[in-house]
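The values are calculated or read from the model by the stated rules, or taken from the named source; none is laboratory data. Since this is a predicted model, take the numbers as computed values, not measurements. Ideal geometry is used to build each Cβ from the backbone, glycine not excepted, and the neighbour counts take in all protein chains shown. Accessible surface is based on the protein model in full, side chains and every heavy atom, while ligands, DNA and RNA are left aside. Shrake-Rupley method; radii C 1.70, N 1.55, O 1.52, S 1.80 Å.
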Amino acid sequence: MVVPVVTKLLPLAIGWWLCCQHVSGEYYSSVEQMRQLINLEESLIASLGRYIKLHGQKIEFLTRQRDLLAKELKEGKKQEIAYVSNPVSAFLLTNRLVTEWERMRTFMTMDVGAKLENTTAMPTSEDVLGVAEAMARLQDIYQLTAKQMASGKILDRKFGRQLKTAECYEIGNKLSSTGNYRYALEWLRESLRLWSMESPGVSKVEVMNGLSFVLSHLGEYEEALEFTKKVLKLQPDNQIALKSKEPIEQWIEYKKQHGLPATPPMPNYGNYPSLCRGDYQRPLKELANLRCRYEHRRTPFLRIAPLKLEELSHDPYIVVYHEVISTKEIDTVLTISKPLLHRSMVGASQKKEVSKTRTSNNGWLEDAMHRVVARISQRTEDMTDLAMSAAEQLQVGNYGVGGHYLPHHDYAIPEPGKDAYPDVGKGNRIATVMYYLSDVDIGGATVFPEIGVGIFPQKGSAIFWYNLHANGTVDSRTLHAACPVLVGSKWVANKWIHEYGQEFRRPCSLDPKA
């Protein structure tokens, strides 16, 4: 963190030129994008080294700053994916690039001609807030406390260092600004617990003002008032505390007389959280008839090259094919798709939009782009015995820090008189195949809350399920979700198959279970 020398020199600035273009990069929505930030910080440190050599009068201060930043970067370079997918280190990295490096840039351009140079767009405050929201999501689903995460441990595994007081305060402050007051409170309490007279970067008064603000938004006005009074005892002229004291007292009186208004109910996704954690266990009677076998009956090709199939559910039909895509094929798909990645959207046709319910990047691959892509389409046909003439392009996706996709259906329910997926023009999505292109260290499961099925990613495997009953009606039990990625980079490839052309492959039946 930049020391007060910068603050003292700021009034001397006569203007500065920002040498990098600020755009809304949305790095947080893809681990692959986040990985670029490590190279970005590496290039900035290299530029900083050249600057130090040219400007001797600032060398002592800048060298100290460079060494501190380089020490943190060194840890990130050891295991890049583990570092940028760890929500705590990801927050610190984006926050450094958004705040600390801008202060450094301002400091360096005071009365001098040199400047930091970088070719990659800098992250923005949106990225910092995106990582903060991901941290709240991970704490909620995986039942993590701020104290655990600040210690550098996640689920008893060491993933980083002990955080400092100012870092916990910064996380709490950002969570507060996103409206995640419950988890902001945890991080601010942890900041206060760690605080000492030697804590650099944040005062005890700042932490207690933050706690008072968050507690007020949670309706805990009595405790909020206690912190406000403590601030005024330390600093009788503190403007934040002086302005908040009377409103808090008024709310306490209102609460005594009328109580607090009812809070809106939280979304209920059933078994979704417990399935994500791997806690939910299906009854033995549901598992008794499930088998693993070699699948050789769907197509003639499988008679000479059967596939390893694991049954997860008979009704609705859900199976996993193991070892159906090789590491070499995966590497080819990732190489092709990385330049095509953009923020994933939700909705159908013209109504698609960016949503916090889905944090990932994706790109679309046509069969004609590479023989491996065409080979995957053919393999999908062998696995499903469904015609690929009604299939969408292969969609490759990479989830971000805490990346997830809340429970949803792959089928569409169109308005009366309109077609499902009119932009595709081939009817509704009859089935889904999802290939796992990577393992995930912790989290990232695909879960079906309605039936209690959960699958954790295994590189090279693929899930297959029908979205529609045999009579063509939608099967609501196929509600599924992508659990938040706690640590790791999750890559998947989806192949959505539509109805038209499947008449002789999966004949329509009046009995939905036929």
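Restricting the range 149-169 to residues that are more than 19 Å from residue 486 (Cβ to Cβ) and among the hydroxyl-bearing types (Ser, Thr, Tyr) leaves a set whose member that is surrounded by the most Cβ atoms within 10 Å (Cβ to Cβ) is 169.
Name every residue in the range 270-279 that is surrounded by fewer than 16 Cβ atoms within 10 Å (Cβ to Cβ) and under 19 Å from residue 477 (Cβ atoms), in order of residue number. Result: 270, single match. Is there a residue being in contact with an Asp or Glu (Cβ under 6 Å, 6 or more places away or on another chain), open to solvent by 60 Å² or more (accessible area, probe 1.4 Å), without any contact (Cβ under 8 Å) to a residue 60 or more places away in the chain and not charged (D, E, K, R) anywhere in the range 280-293? Yes, the conditions are met somewhere in the range 280-293. Of the residues in the range 12-28, at least one is at pLDDT 80 or above and either open to solvent by less than 40 Å² (accessible area, probe 1.4 Å) or in a helix (DSSP H, G or I) (or both). When the range 225-262 is filtered for residues that are within 36 Å of the chain's Cα centre (by Cα), free of Cβ contacts under 8 Å to residues at least 24 places away in the same chain and not in a helix (DSSP H, G or I), the ones remaining, listed by number, are 261, 262.
Scanning the range 472-514 for residues that are open to solvent by 50 Å² or more (accessible area, probe 1.4 Å) and of a type in the set (S, T, N, Q) yields 473, 476. Looking across 468, 437, one residue alone is hydrophobic (A, V, I, L, M, F, W, C), over 24 Å from residue 282 (Cβ atoms), at pLDDT 95 or above and open to solvent by less than 20 Å² (accessible area, probe 1.4 Å). It is 437. Out of 201, 270, 219, one residue alone is outside any helix (DSSP H, G or I), within 30 Å of residue 138 (Cα to Cα) and touching a strand residue (DSSP E or B) at 6+ places or on another chain (Cβ under 9 Å). It is 270. Just a yes or no: is a residue in the range 170-177 closer than 28 Å to residue 82 by Cβ, open to solvent by 40 Å² or more (accessible area, probe 1.4 Å), in the same structural domain as residue 230 (by the TED database) and touching a Gly at 6+ places or on another chain (Cβ under 8 Å)? Yes, some residue in the range 170-177 is closer than 28 Å to residue 82 by Cβ, open to solvent by 40 Å² or more (accessible area, probe 1.4 Å), in the same structural domain as residue 230 (by the TED database) and touching a Gly at 6+ places or on another chain (Cβ under 8 Å). Run residue 421 past the list (1) over 24 Å from the mean Cα position of the chain (by Cα); (2) assigned by the TED database to the domain that holds residue 317; (3) surrounded by fewer than 18 Cβ atoms within 10 Å (Cβ to Cβ) and report the number of the one that doesn't hold. It is condition (3) that residue 421 fails.
Exactly one residue among 318, 336 is at pLDDT 95 or above and closer than 21 Å to residue 464 by Cβ, and that residue is 318. State all residues of the range 116-153 that are over 29 Å from residue 354 (Cα atoms) and out of contact with any helix residue (DSSP H, G or I) (no Cβ under 7 Å at 6 or more places or on another chain); if no residue qualifies, say none. Passing the criteria: 148, 151, 152, 153.
Name the single residue that is nearest to residue 254 (Cα to Cα) among those in the range 186-207 being of a type in the set (A, V, I, L, M) and surrounded by fewer than 23 Cβ atoms within 10 Å (Cβ to Cβ). Can you show your working first?
Residues of the range 186-207 that are of a type in the set (A, V, I, L, M), as a first pass: 188, 192, 194, 197, 202, 205, 207.
Narrowing the set further to residues that are surrounded by fewer than 23 Cβ atoms within 10 Å (Cβ to Cβ) leaves 192, 194, 197, 202, 205.
Details: 192: 29, 194: 34, 197: 38, 202: 33, 205: 27 Å.
Out of the qualifying residues, it is 205.
I'd like the full set of residues that are free of Cβ contacts under 8 Å to residues at least 12 places away in the same chain and either surrounded by 14 or more Cβ atoms within 10 Å (Cβ to Cβ) or aliphatic (A, V, I, L, M) (or both), limited to the range 294-306. Those that are free of Cβ contacts under 8 Å to residues at least 12 places away in the same chain and either surrounded by 14 or more Cβ atoms within 10 Å (Cβ to Cβ) or aliphatic (A, V, I, L, M) (or both): 296, 304, 305.
For residue 166, the criteria (1) touching a helix residue (DSSP H, G or I) at 6+ places or on another chain (Cβ under 6 Å); (2) modelled with pLDDT of 85 or more hold in every case but one, which is (1).
Take the conditions (1) modelled with pLDDT of 70 or more; (2) over 23 Å from residue 163 (Cα atoms); (3) surrounded by 12 or more Cβ atoms within 10 Å (Cβ to Cβ); residue 45 misses just one of them, which is (2). Would you call residue 175 in contact with a helix residue (DSSP H, G or I) (Cβ under 9 Å, 6 or more places away or on another chain) and assigned to a helix (DSSP H, G or I)? Yes; evaluated as a whole, the condition is true for this residue.
Report whether or not residue 82 is under 21 Å from the mean Cα position of the chain (by Cα), in a helix (DSSP H, G or I) and either among the β-branched types (Val, Ile, Thr) or at pLDDT below 90 (or both).
yes
One residue stands out among those in the range 308-325 that are part of a strand (DSSP E or B) and more than 16 Å from residue 477 (Cα to Cα): the one that is most open to solvent (accessible area, probe 1.4 Å), which is 308.
Just to be sure before I move on: is residue 452 among the small types (Gly, Ala, Ser), in contact with a Phe, Trp or Tyr (Cβ under 8 Å, 6 or more places away or on another chain), in the same structural domain as residue 331 (by the TED database) and surrounded by fewer than 18 Cβ atoms within 10 Å (Cβ to Cβ) in the structure I sent? It would help to see each step written out before you state the result.
On the way: among the small types (Gly, Ala, Ser): yes; in contact with a Phe, Trp or Tyr (Cβ under 8 Å, 6 or more places away or on another chain): yes; in the same structural domain as residue 331 (by the TED database): yes; surrounded by fewer than 18 Cβ atoms within 10 Å (Cβ to Cβ): yes.
Yes.
Every residue, every condition in (1) out of contact with any Pro (no Cβ under 6 Å at 6 or more places or on another chain); (2) part of a loop (DSSP other than H, G, I, E, B); (3) under 21 Å from residue 38 (Cβ atoms); (4) not assigned by the TED database to the domain that holds residue 68, yes or no:
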{"position": "96", "(1), (2), (3), (4)": "yes, no, yes, no"}
{"position": "116", "(1), (2), (3), (4)": "yes, yes, yes, yes"}
{"position": "149", "(1), (2), (3), (4)": "yes, no, yes, yes"}
{"position": "163", "(1), (2), (3), (4)": "yes, yes, yes, yes"}
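From the residues in the range 118-143 that are open to solvent by 10 Å² or more (accessible area, probe 1.4 Å) and in a loop (DSSP other than H, G, I, E, B), which one is modelled with the highest pLDDT? This residue is 143.
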